[in-house]
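Peer 1: Have a look at this one.
The values are calculated or read from the model by the stated rules, or taken from the named source; none is laboratory data. Source: prediction; values computed, not measured. Virtual Cβ from ideal backbone geometry, glycine too; neighbours counted across all protein chains shown.
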Amino acid sequence: DWTMRAFREEEIQKIRAQVGKGRVICGLSGGVDSAVAAVLIHEAIGDQLTCVFVDHGLMRLNEAETVVDLFRHHYNIPLVHVDASKQFLGELEGVTDPEKKRKTIGRLFIEVFEEEARKIGGADFLAQGTLYPDVIESVSFTGGPSVTIKSHHNVGGLPERMNMKLVEPLRELFKDEVRKLGRELGLPEIFVGRHPFPGPGLAIRCPGDITRDKLEILRQADAVYIDQIRKAGLYDEIWQAFAVLLPVKTVGVMGDGRTYDYVVGLRAVTSTDGMTADFYQFDMKFLGETATRIINEVKGVNRVVYDVTSKPPGTIEWE
Ligand code: XMP
């Protein structure tokens with residue numbers, strides 16, 4: 001793609017001009033945007049860049065390993081991997097309010113990130129994978145829920161506090177363009193094509209209080225669901241698909257015994273930018289088989305439901 005090749009070259013020059021001999025720190029979220037930003041910046045300035053991946057313990061199955069492996073071994077990009085799950089899950093204990101979850105995670109994220117930045121001797125610049133829709137959203141919805149939604153994602157307040165300037169090479173791009181750029185930079189397709197994942201992670205897919213046990217059930221169910229979608233060849237048609245663990249147990253029957261286990265909700269939507277979305281119309285056979293697999297393979301689940309709400313009125317995430 002020639003436009004992306006040109007964009008890549010142009011941005012590399014811009015990054016070099018902006019950064020000079022300065023040091024840059026980039027927070028990786030596990031998502032496509034921050035990964036593409038990091039790889040582009042690394043191409044521009046090499047080891048003047050250090051990446052920090054704060055693992056809050058709210059990642060999907062094998063997600064942390066995938067990111068670490070990609071950056072350290074595939075790209076050789078200096079990466080600090082912080083396992084902060086104890087701290088995050090500790091402070092989230094008993095927190096049920098969705099906004100409080102976001103705020104707690106956002107605050108901790110900044111604290112941990114700041115601490116790591118200090119450990120590596122600080123930096124002059126903070127790199128972020130901010131996209132064009134993020135820029136628009138925070139302008140046009142000032143004070144509205146969208147600002148709160150994104151507030152932790154762009155580590156708000158951190159650059160000022162640490163006296164860092166921002167490097168945001170993706171500010172003019174939409175999601176599909178970021179994916180093109182990622183391919184141009186040689187990121188593996190499985191990574192580039194991944195569905196968006198929210199900064200607060202599984203915390204907002206686990207309504208009610210969050211425990212390690214619930215997160216583990218959710219991770220397993222989500223992995224089976226995504227596996228089903230990939231096998232059916234539907235992954236790329238869908239904007240986002242994920243499982244939600246409901247804070248309810250219901251009665252079921254298995255063999256000759258009564259069960260009393262959790263309900264898993266399945267969500268899948270099509271969208272172009274996440275601002276509006278339609279629920280995805282799977283065929284019933286697919287849903288039935290997926291439910292059977294989840295119930296058979298994931299201990300602690302005995303019922304599966306499918307979310308048929310579009311956005312609006314529903315949001316994509318459940319919290
Ligand atoms: P909603 O649920 O508001 O989501 O329809 C729209 C898109 O934004 C993602 N999302 C978030 N991303 N931090 C993020 O980085 C958040 O707190 C957050 N909340 C929602 C969501 O996954 C969807 O792609």
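Peer 1: Being in contact with a strand residue (DSSP E or B) (Cβ under 6 Å, 6 or more places away or on another chain), free of Cβ contacts under 8 Å to residues at least 40 places away in the same chain, of a type outside the set (Asp, Glu) and under 26 Å from residue 189 (Cβ atoms) is true for just one of 221, 291, 241, 268. Which residue is that?
Peer 2: Of 221, 291, 241, 268, the one residue that is in contact with a strand residue (DSSP E or B) (Cβ under 6 Å, 6 or more places away or on another chain), free of Cβ contacts under 8 Å to residues at least 40 places away in the same chain, of a type outside the set (Asp, Glu) and under 26 Å from residue 189 (Cβ atoms) is 268.
Peer 1: May I pose another question? Can you list the helices (runs of 4 or more DSSP H) lying wholly within the stretch 61-177 that have 1 or more residues being modelled with pLDDT of 95 or more?
Peer 2: Hits in the stretch 61-177: 85-92, 98-119.
Peer 1: Within the stretch 265-285, identify whether any single residue is modelled with pLDDT under 95, within 19 Å of residue 201 (Cα to Cα), within 15 Å of the ligand (Cβ to nearest atom) and of a type in the set (Gly, Ala, Ser), and answer yes or no.
Peer 2: The answer is yes; a qualifying residue exists.
Peer 1: Give just the number: which of (1) touching an Asp or Glu at 6+ places or on another chain (Cβ under 8 Å); (2) polar (S, T, N, Q); (3) more than 25 Å from residue 210 (Cα to Cα) does residue 34 not satisfy?
Peer 2: Exception for residue 34: condition (1).
Peer 1: For residue 269, indicate whether it is in contact with a helix residue (DSSP H, G or I) (Cβ under 7 Å, 6 or more places away or on another chain), surrounded by 13 or more Cβ atoms within 10 Å (Cβ to Cβ) and among the aliphatic types (A, V, I, L, M).
Peer 2: no
Peer 1: Tell me which residues, restricted to the stretch 26-60, are hydrophobic (A, V, I, L, M, F, W, C), assigned to a loop (DSSP other than H, G, I, E, B) and crowded, with 23+ Cβ neighbours inside 10 Å.
Peer 2: Within the stretch 26-60, 58 is the sole residue that qualifies.
Peer 1: Would you confirm, using the coordinates I've provided, whether residue 8 is out of contact with any Asp or Glu (no Cβ under 7 Å at 6 or more places or on another chain), part of a helix (DSSP H, G or I) and basic (Lys, Arg)?
Peer 2: Here the answer is no, as residue 8 does not meet what is asked.
Peer 1: Looking at 305, 248, which is the one that is without any contact (Cβ under 8 Å) to a residue 40 or more places away in the chain and either within 16 Å of the ligand (Cβ to nearest atom) or β-branched (Val, Ile, Thr) (or both)?
Peer 2: 248
Peer 1: When the residues of the stretch 269-319 are narrowed to those that are of a type in the set (Asp, Glu) and part of a loop (DSSP other than H, G, I, E, B), which ends up farthest from residue 98 (Cα to Cα)?
Peer 2: Among those residues, the one meeting the criterion is 283.
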